[in-house]
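Report on one structure; see the data block that follows.
The values are calculated or read from the model by the stated rules, or taken from the named source; none is laboratory data. Since we're looking at a predicted model, the values are computed, not measured. Cβ sites come from the backbone with ideal geometry, for glycine too, and all protein chains shown count toward neighbours.
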Amino acid sequence: MATNSEDRHFPTAAGILLGLGLGGFFDGIVLHQILQWHHMATSAGYPADSLENLKLNTLLDGLFHASTYIFTAVGLLILWRTARKPHFWWSPKLLFATILMGFGIFNVVEGIVDHHLLGLHHVNETVPQDQWIYWDVAFLIWGAAMLIGGWLLWKQGKREARAEARYISN
């Protein structure tokens, strides 16, 4: 029994949520914990220069990690639920593309909101303050490049999926 090509879809939302989660984990683990360039509220009046401020920032970092964990768990749940269906079409290219898009979305949104609009923290607060903008802009460019690259790869993967569906139905 052939499946209708409209029924064969890849769960784009799953990959984007996984990318959002992985982007958050990268930011929190690498920038907050390993490099210690910033914490959640270090530019919002709570620099990590006292035990009290460090405790608050650690709590906020933990809540941030909890939210990225939720993105990742929901993405995995959607992927798992879809993969259990008989019409599921697996595409490593679409999975990678959507994860890349989600990671890029994370960087762009987090960079615009936290770094520029709210000023909660900046990418690298270990350099002189007049250099923070360069790191913040580079973070946005990196995110935009991932988002655009993922979107282009996604479009290519969708074209290939349509071509394969036509081949299978003939």
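Do you know which of the residues in segment 88-124 that are among the β-branched types (V, I, T) and surrounded by 23 or more Cβ atoms within 10 Å (Cβ to Cβ) is nearest to the chain's Cα centre (by Cα)?
Among those residues, the one meeting the criterion is I99.
Are there any pairs with C-beta distances below 8 angstrom linking a residue in segment 89-117 that is farther than 18 Å from M40 by Cβ to a residue that is surrounded by fewer than 19 Cβ atoms within 10 Å (Cβ to Cβ) and aromatic (F, W, Y), with the two at least 6 apart or on different chains, and if so which?
A97/W151; M101/W151; F103/F26
From (1) modelled with pLDDT under 95; (2) crowded, with 17+ Cβ neighbours inside 10 Å, pick out the condition that doesn't hold for K85.
If we test K85 against (1) modelled with pLDDT under 95; (2) crowded, with 17+ Cβ neighbours inside 10 Å, just (2) comes out false.
Out of I168, I133, report the one residue that is farther than 24 Å from L17 by Cβ, assigned to a helix (DSSP H, G or I), at pLDDT 95 or above and over 17 Å from the mean Cα position of the chain (by Cα).
Being farther than 24 Å from L17 by Cβ, assigned to a helix (DSSP H, G or I), at pLDDT 95 or above and over 17 Å from the mean Cα position of the chain (by Cα) holds for just one of I168, I133, which is I133.
Mind checking which pairs have a first residue in segment 139-150 that is farther than 20 Å from H122 by Cβ and a second that is among the aromatic types (F, W, Y), Cβ under 9 Å, 6 or more apart or different chains?
If the second residue must be among the aromatic types (F, W, Y), the pairs left are L147/F103; G150/F96; G150/F103.
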